[in-house]
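The values are calculated or read from the model by the stated rules, or taken from the named source; none is laboratory data. If you're wondering where the values come from, they're calculated on a predicted model, not measured in any experiment. Virtual Cβ from ideal backbone geometry, glycine too; neighbours counted across all protein chains shown. Each accessible area value is taken on the protein alone, full model and side chains, heavy atoms only, with ligands, DNA and RNA left out. Shrake-Rupley method; radii C 1.70, N 1.55, O 1.52, S 1.80 Å.
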Amino acid sequence: MADFPRKRGTPRIIEQSEIPVGPTPRKAIWRKNKATLWYYPAAVKKKRTPMFLIYSLVNQAFILDLAPGASMIEGFTEQGYDVYLLDFGIPGYEDKNISLADYIFDYIQPGARRALWHSKAEDLTVIGYCLGGTLAVMYAAIATEPIKNLILFAAPIDFKNIPYMSNWHQALREGGLKPEGLIDEYGVVPAQAMEFGLRLMTAPINVTPYLALLGRMNDKKYIEKWRKFDKWVKGHVPFAGTAFKELLHEMVVKNKLIKNKLYLRQKKVNLKDIKANLLVVSTEGDDLIPEEMVKPLVKKVSSRDKTYLRVKGGHVTLAIRGGLPEFLTKWLDRRS
Amino acid sequence: MSDKSMKLKDLTRLVANYEKDLNDFIKDKLNDNQVVALANTEMEKHLKKVRFLRRFSEIIAHQFNFPTRDDLANVSRLVMQLEDRLDHIEEMLIQTLGENGSIMEEDLQTIEGEANQQMNREEADLKAGEGEGEKNSLRNRVLETLSQLGKQAVKDSIQDALSQRGNLRG
């Protein structure tokens, strides 16, 4: 990065050094390929049901443990929960053949089993974030492991009415847009392409965060948090080609998950098989995953105890606000 | 509040408003059938170039005896298959230990000790055959490395199983 001349005394905002993230103490208890199952012990264990967190395939999981006071994981451990985070890591070209079924049966299911063995708990609270929530729903529908609670944050489930880029979806449906050849050639969807595509869908121009930074350039704590968040925003990871194509065709184009028509390794993903206590959360300022993609799940599951909440904030606000939101503390208290 | 920070706040508010309008405008323009068709055409052109480059690099790699990225990916997949098998063995061990409380940790340590002895014997045999020429030496080194890898993997599995069992017992 070019070293621009600065006025004497002006703090250096953008440092060249790597900024550390993930401050909560943790231990890897299982690894598979690039994935790691992290264990974050409770500060003082008060709850019997541990958390099993499934993060998205699009970005890096450290957003859940960004900095002290800005970490949802820290919030869980401070309230007495043992936390297990399944971090899928950064796929490479050699992972091009990983499918959605592989993620469910070879990563999530064994990861959940490991968490159960390790925690000695009778059941788990499964929490899915964004696309990790979609995977959590698929897993919950086929799981043989005991899932007591299922919590979803901004998880896209129904792709019928995506409120943006409608002509692109139509072209995908009608064959006017064929990215499969290019995906096959690259093996994985490169991280830069993921970042570029998601940025076009949400905010192609994004200047206000820099102005906000300029306004608080003497606040070291804010600058550090800003840099960490910026690292996450720009830290997209490659997406395994096979899983991406399945996501496009089975989910976005054919919308099979919400229609109970999705099969993974010849096993039907029937949403009616989900009986865990369900909490579905969407946020008002989420341009990427709006309410209409999240809410329809609630009517499709068999859970007797199900709650849908719409709260203030953006796509990742809840993860970085620090601590646990009040509604989540209350909901979990009676069910853990 | 200083005048300077007020100006910045006003500017931020103003930019935020324009930014939203501008983003909506860009997204609206991008959501055009002509843009979609153009993107598809450019993607096809790009695919042709990437495919040509891959084939070219494969020919060069073949001539110079370099591994291609597919060769490396295949090796990685073999490693992943091995990892899967070990994982499966580890799961079976954990399950067995969980179900059968009569299996003592000492039994597992005995198994580990016997495995180590067997591998040490194999290592000694390999070292004894090192003088049989360069070809054999390379073969032995490869076998030795594989043996060490296997030994480590078995050790790790047993240790993981023991630690998981420790957790199960509480």
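At the residue level, A:TRP331 shows approximately 10 square angstrom of accessible surface with a 1.4 angstrom probe and all protein chains present.
Computed with a 1.4 Å probe over protein heavy atoms only, the accessible area of A:LYS96 comes to about 40 Å². If the segment from A:GLU174 to A:TYR93 were pulled out straight at 0.36 nm per residue, it would be longer than the present Cα-Cα gap by 26.3 nm. The DSSP beta bridges internal to the range A:6-135 are antiparallel in roughly 60% of cases. Using a 1.4 angstrom probe on protein heavy atoms only, the contact between B and A buries about 3800 square angstrom of accessible area, both sides summed. Under 17 Å from a label point set 7 Å out along the Cα-to-Cβ vector of A:GLU122, the amide N atoms of the range A:313-336 belong to A:333-336. Whole-Hz Karplus values for the range A:254-265 come out as 8, 6, 6, 5, 6, 8, 6, 10, 8, 10, 10, 6 Hz, taken residue by residue from phi with 6.51 cos²θ - 1.76 cosθ + 1.60 and θ = phi - 60°; glycine and proline positions read x.
Along the range B:10-27 the Karplus relation, 6.51 cos²θ - 1.76 cosθ + 1.60 evaluated at θ = phi - 60°, assigns HN-Hα couplings of 4, 4, 4, 4, 4, 5, 4, 5, 5, 4, 5, 4, 5, 5, 4, 4, 4, 5 Hz to successive residues, with x for each Gly and Pro. Close Lys pairs in the range B:3-63 (alpha-carbon distance under 23 Å; sequence gap of 8 or more, or different chains): 4.
Please give the net charge around A:GLY314, taking every other residue with its beta carbon less than 10 angstrom from that of A:GLY314, where Lys and Arg add +1 and Asp and Glu add -1. Its environment carries a net charge of -2. For A:HIS236, B:HIS88, the ranking by accessible surface with the largest value first comes to B:HIS88, A:HIS236, using a 1.4 Å probe. Per residue of A:235-247, other chain Cβ atoms within 10 Å of the residue Cβ number 0 on average. Here the simple spin-label model places points 7 Å from the Cα toward Cβ, and for B:LEU78 and A:GLN109 these points are separated by 2.8 nm. What whole number of Å gives the distance from the Cα centroid of the range A:181-221 to the Cα centroid of the range A:104-145? Value for the Cα centre distance between the two parts: 30 Å. Peptide B:90-98 shows a mean partner chain C-beta count of 2 within 10 Å per residue C-beta. Helix content alone sets the calculated 222 nm mean residue ellipticity of chain A: runs of n ≥ 4 DSSP H residues at -39500 (n - 2.57) each, divided across all residues, give -8500 deg cm²/dmol. Where the alpha-carbon atoms of the range A:27-333 are placed on the principal axes, they occupy 56, 52, 37 Å, in descending order.
Ranking request for peptides A:301-307, A:320-326: highest mean number of other beta-carbon atoms within 10 Å first, then the rest in descending order.
Final packing ranking: A:320-326, A:301-307.
Over all other residues within a Cβ to Cβ distance under 12 Å of A:GLY323, the charged ones net out to -2, with Lys and Arg as +1 and Asp and Glu as -1.
Oblate is the label for the range A:258-336. Its Cα gyration tensor axes, ordered a ≥ b ≥ c, give a/c of at least 1.5 and b/c at or above a/b.
Applying 1/(1 + (r/R0)^6) with R0 = 25 Å to the Cβ-Cβ distance of A:ARG335 and A:ARG310 gives a FRET efficiency near 0.80. A full extension of the chain between B:ILE59 and B:GLN95 corresponds to an added length of 8.0 nm, given 0.36 nm per residue minus the alpha carbon distance.
In this structure the amide hydrogen of A:TRP30, modeled in the peptide plane, comes within under 5 Å of the amide hydrogens of A:LEU37, none closer than 5 places in sequence on its chain.
Inter-chain neighbour count for B:16-22: the average number of beta-carbon atoms from partner chains within 10 Å of each residue's beta-carbon is 3. Annotation: amide H-H contacts under 5 Å for A:VAL269 (H modelled 1.01 Å from N, sequence separation of 5 or more, or interchain): A:LEU262, A:TYR263, A:LEU264.
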